[in-house]
Amino acid sequence: MTSPTYRIGIDIGGTFTDIALVDDAGTVDIRKVASTPDDYSRGIAEGLDALIRDLGIDPKAITGIVHATTVATNTILEFKGARTGLVTTAGFRDVLELRRLRIPVLYDLQYDKPPPLVPRRLRLEVRERLGPDGKVRIPLDEDDVLGTAEIFRAQGVEAVAISYLHAYANAAHELRTEEILRDVLGDGVYICRGSEILPEIREYERTSTAVVNAYVGPVIRNYAQALAGRLAAIGVTAPIEMMHSGGGIMRLAASVRRAASLVESGPAAGVIACARLVRGEGRGANIISFDMGGTTAKAALIENGEAARTDEYEVGAGINLSSKLVKGGGYPIKMPFIDVSEIGAGGGSLVALDGLGRVTVGPESAGAMPGPVCYGRGGTRATLTDVFVTLGYINDATLAGGSIRVDAEAGRDALRRQVAQPLGQDLMTTARGVLTLAVSTMTRAVKAVSTYRGRDPRDFTLVAFGGNGPVVAADIAAALGIRRIVVPLAAGVFSGFGLLRSDVEQEFVQPVLADARLLPPGRLSCLKAELRARALQALTADGYDAASADFRFSADLRYFGQAYELNIAGDAEAGVAALVEGFHAEHERTYGHRSGGDPVQIVNVRMHVRVPMASKIARFAATPAFERRDRPVAFGTEPVLTPVIGRDALDRRPRKGPFIIEDYDCTCVVPPMASAWLDAAGNIEIEVTL
C-alpha cells in the first residue's frame, strides 16, 4: 500500500495567508493564518508547519507547492522596489516620462502622473540603432555600455533594465549589453532585457514592462530564496510553482526572471477557481467573480466558462485594471493577464474623515499588523472590519475557527470616537453609512469589468469569496441589480484552493509585421513550428511533461494605419485567408464594422501552451469546530436578534433571511430581502429580492 502524497496551494493576502492541502485521494484541508508583512515567507512556513503537524504529515510526502503572492504588486504600490537603472538607445531616455500623453481623469488640471520608477539620472543612453526589420543602422558602442556600467556601480544600482529601439526584431545588441553589464556589475545585480520580457513593438510599453520587471525582480528573488529556505527548514523540499497574472503556474526560478508577471498573481487564482466552478458544475456560464479580502476588493468577468483576459494592464493607479479602459494612471505591463479590476477597499481599509469632514474608506489599510482595532493587535484606527463588528455582521468573539480573538467593544469605541462623534451621528447610523459608502466604492470594481465593457451585471451571477466577499455580497448585488449569488465551498480560502486547480500555462510570441497579402505560402506554418519548438524547449527545461501539452496558435492582426490589433485564434495550416476573414468578423463584432477591401497587417503570431496540472478534488475535510451564537445584527439602524448557523444547517429548500452563515474561513450575510439554500455541490446560493 503506497503512502499518500500531497500538493499545497498557498495564497498570501494583505491580512491573511490561506493554505489549502489536497491528498492524492482528493481530500482538501484548509487553514487561514495571519500574514506576516515583515517577512511573508515566515507566515507561510509557520502556517504550513502547524498544518502538517496537526495532520501528522511527513514533509517529504509533499510533492508540490503552488503559491500566489501580492509581493510584486505591493512593491510597486509602496515604491519599495530595487534601485533601478535603464539602458536605452541614444535619444530615448525620456520615454518613461513622455509615456502616451494620456491621463485617467479628464478635468483634473492638478493631476500628477506617478513618477517614473527609474529617475532620469539613472536612465542612460547608448549609441546604437536597429531598424524595424532588425538590420543594424548604427553599431553598438561598447564603450558607452562600459560607461553606463561604471555609473551604475558607483550609484549602487541593484537592478538594470535594457530596452533598445526595435530590439524585438533583433536581440543582438541587448544580449551583448547584458554580457558587458554582467561582467562589470556581477551576478548580484538583477539584469533583464526588453527583447526577452516583451519581444513586441511599442517602445514605451516594452520599456515600461522591462523597468517594472527590473524594479520588482530583486525583491522577488530575495523572497523566493527566503521562501525556499524557510520551507526547507521545516523539511519541505518539494518544487515550488508560482501563479502568474495570466492564470497559469510556472517554476519559481522562471518567476524570478519574469517577476512582472507576478503582479495580480493572487487575484488570478480566485478567478481560475471560479472558471473551474462554472465548467465543473454546469451552472450558468456567465458569472462575475467578487473577491474581497483584508486589503482590496477584486472583480473579474467569466463568460461561457472562460475568464476574460487582456495583455494590457496598469498597476499603481488607485484602481488596478485593464488599460483598455483607463490609460496613464499607472505603470503599464504588457503581459498576459486575467482581466481583474482591483480597488483598495477591504476589511482592513481605514475609515476616517478627510480635511473637509467627509467619510473615507481606504485605500490605506491597517494590514495584518496592527490590523483592525477589534483584533487587539495594537491597531488604533477604525477599519471596515470594525464596522462589520459594530453592525453584527461578523462574530464579536472569535474568527477563523477561534484562532483570532475579537474585541468588539474596542472596535465600536474606535468607530464612535473617530467617526460618529465628529459627525454628530449615533453609532449605528454611522456604521450603516460607512458600509453604504464602502459598497458604492466596491461596485466600481464590478462595473469596471461589466458595465464599462457593455455587459449588464443583471445578466450575471455574482460568485463571492475571500474572507469578506460573502459578508457584503448581498449589498453589492442589490446595488447592481444582481439577483443570484453563489458562495462556494471554502470561500474564505478560495484563491488558495484555486491554485490547486490551475495548469501550467505559457505564451510565446514572434513579431511578424507583414502585409497579409504578401506573406509567402507556408510562412505561417513555419512560424507555428518555430514557436512550438520554443515552447517544447522551455517546458522540457522546466521539467514538465511536454507530451501532455496542449498548443493553441493565434495571430495579432490590424488594418494598416490602425494603432492596435485584435488577437485571432486560428490554424496556421488553414492559411492566411482564414485568419484574415476571422479578423474581419472579429473587427465587426468588436467595433460594429469591417473594411473588407482594406489591407490587413499581421503584427505578431503567438503560441499558448498548457500542461494539465490541476489536482482532483473529491471532498473537503472537517474544519476546526467553534461556537456559534445568535446575535443582534443591524440591517437598518436598529439591531435585531438574528440566527447564526453553519453551512450544514441549510438544505435544498430556500430559507428566508435574515440570518448569518458562519464557516471556519468566512462569514456569509443573508439579509431580510434574500433567501438562501445549498446546491447539490454544497455551495450556498442566495436569491436577492430587488
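The values are calculated or read from the model by the stated rules, or taken from the named source; none is laboratory data. Because the structure is a prediction, the values reported are computed rather than measured. In this analysis, Cβ positions are derived from the backbone assuming ideal geometry, glycine residues included, and neighbour counts consider all displayed protein chains. Ligands, DNA and RNA are excluded from the accessible area calculation, which covers all protein heavy atoms including side chains. Shrake-Rupley method; radii C 1.70, N 1.55, O 1.52, S 1.80 Å.
For the ranges 44-57, 109-122, what's the packing order if you count other beta-carbon atoms within 10 Å of each residue, average per peptide, and put the highest first?
My ranking of the peptides, most packed first, is 44-57, 109-122.
Angle check, please: helix 576-591 long axis (alpha carbons) against the longest principal axis of the chain (alpha carbons), in degrees 0 to 90, nearest 10.
40 degrees
Hey, got a sec? Which chymotrypsin sites (Phe, Trp or Tyr not before Pro) in the range 1-94 land in a DSSP loop and have at most 13 other Cβ atoms within 10 Å?
79
With labels modelled as points extended 7 Å from the Cα through the Cβ direction, what inter-label distance (nm, one decimal) is found for residue 578 paired with residue 548?
Result: 2.8 nm between the two label points.
Could you sort the peptides 474-482, 498-506, 671-679 by per-residue average Cβ neighbour count (10 Å cutoff), highest mean leading?
With the highest mean Cβ count within 10 Å placed first, the list reads 498-506, 474-482, 671-679.
Gain in length, residue 233 to residue 25, computed as 0.36 nm per residue apart minus the alpha-carbon separation, to one decimal in nm?
Result for the pair: 72.2 nm of gain on full extension.
May I ask you to list the trypsin sites (Lys or Arg not before Pro) in the range 421-466 that are in a DSSP loop and have at most 10 other Cβ atoms within 10 Å of their Cβ?
Here no loop site has a sparse enough neighbourhood.
Please give the length that would be gained between residue 2 and residue 202 if that part of the chain were fully extended, namely 0.36 nm times their separation in residues minus their C-alpha to C-alpha distance (nm, one decimal).
Extra length from residue 2 to residue 202 when fully extended: 66.6 nm.
Per residue, how large is the accessible surface of the chain? Use a 1.4 angstrom probe and give square angstrom.
39 Å²
Place +1 on the Cβ of every Lys and Arg and -1 on the Cβ of every Asp and Glu in the chain, take the dipole about the Cα centre, and give the residue among 591, 9, 373 whose Cα lies farthest towards its positive end.
Highest projection toward the positive end goes to 591.
Tell me, what ³J(HN,Hα) does each residue in the range 160-172 have, in order and in whole Hz, if you take phi through Karplus 6.51 cos²θ - 1.76 cosθ + 1.60 with θ = phi - 60° and put x for Gly and Pro?
After applying 6.51 cos²θ - 1.76 cosθ + 1.60, I find 9, 9, 10, 9, 9, 4, 6, 5, 4, 8, 7, 8, 4 Hz.
Label point 7 Å out from residue 303 along Cα-to-Cβ: which residues of the range 584-604 have amide N under 19 Å?
584-594
What's the magnitude of the charge dipole for the range 508-557 around its Cα centre, counting Lys and Arg as +1 and Asp and Glu as -1 at the beta-carbon? Answer in Debye, nearest 20.
220 debye
Residue separation times 0.36 nm, minus the C-alpha to C-alpha distance between residue 80 and residue 594: what's the value?
Extra length from residue 80 to residue 594 when fully extended: 180.4 nm.
For semi-axes √(5λ) of the Cα gyration tensor in Å, one of (1) 43, 28, 27; (2) 36, 29, 28; (3) 79, 29, 22 was computed from the structure I shared and the rest are decoys. Which label?
(1)
Mind listing which GluC sites (Glu not before Pro) in the range 507-573 are in a DSSP loop and have 10 or fewer other Cβ atoms within 10 Å?
Hits after loop and neighbour filter: nothing returned.
Which order do the peptides 592-600, 486-494 take when ranked by the mean count of other beta-carbon atoms within 10 Å per residue, highest first?
486-494, 592-600
For residue 403 paired with residue 514, estimate the spin-label separation in nm (one decimal), with each label point 7 Å from Cα along the Cα-to-Cβ line.
Modelled inter-label distance: 5.6 nm.
Lysines within cross-link reach of residue 447: Cα-Cα under 16 Å, excluding same-chain residues under 8 positions apart?
The qualifying lysines are 298, 324.
Zone of residue 187 (label point 7 Å along Cα→Cβ, backbone N under 18 Å): which residues in the range 231-273?
252-258
Work out the length of the dipole vector of the range 27-96 about its Cα centre, built from +1 on the beta-carbon of each Lys and Arg and -1 on the beta-carbon of each Asp and Glu, and round it to the nearest 20 debye.
Its charge dipole is roughly 200 debye.
Roughly what would the spin-label model give for residue 369 and residue 627, points 7 Å off Cα along C-beta, in nm?
Label at residue 369, label at residue 627, 3.0 nm between them.
So, counting K/R as plus one and D/E as minus one, what does the shell of residues with Cβ under 12 Å around residue 548 add up to?
Net local charge, residue 548 excluded: -2.
List every residue whose amide H lies under 5 Å from the amide H of residue 364, counting only residues 5 or more places away in sequence or on a different chain, with H placed 1.01 Å from N in the peptide plane.
Here the answer is 350, since their amide H atoms fall under 5 Å of that of residue 364.
If you take the beta carbon distance between residue 440 and residue 638 as r and set R0 to 25 Å, what does 1/(1 + (r/R0)^6) give as a FRET efficiency, to the nearest 0.05?
According to the calculation, E is roughly 0.65.
Straight distance only, please: which aspartates and glutamates reach the Cα of residue 334 with their own Cα at less than 12 Å, same-chain residues fewer than 8 apart left out?
Of all the aspartates and glutamates, those that pass the test against residue 334 - Cα under 12 Å, at least 8 places apart if same chain - are 200, 203, 205, 311, 312, 314.
Enumerate the residues in the range 561-584 having an amide nitrogen under 17 Å from the point lying 7 Å beyond the Cα of residue 525 toward its Cβ.
570-579
Could you list which residues have their amide H under 5 Å from that of residue 642, counting only those 5 or more apart in sequence or on another chain, with H placed in the peptide plane?
Counting only residues 5 or more places away or on other chains, the set is 631, 633.
Which residues' amide hydrogens lie under 5 Å from the amide hydrogen of residue 247, considering only partners 5 or more residues apart or on another chain, with H built in the peptide plane?
HN-HN under 5 Å from residue 247: 338.
Could you tell me how far the Cα centroid of the range 487-519 sits from the Cα centroid of the range 642-690, in Å?
Distance between centres, Cα-based: 33 Å.
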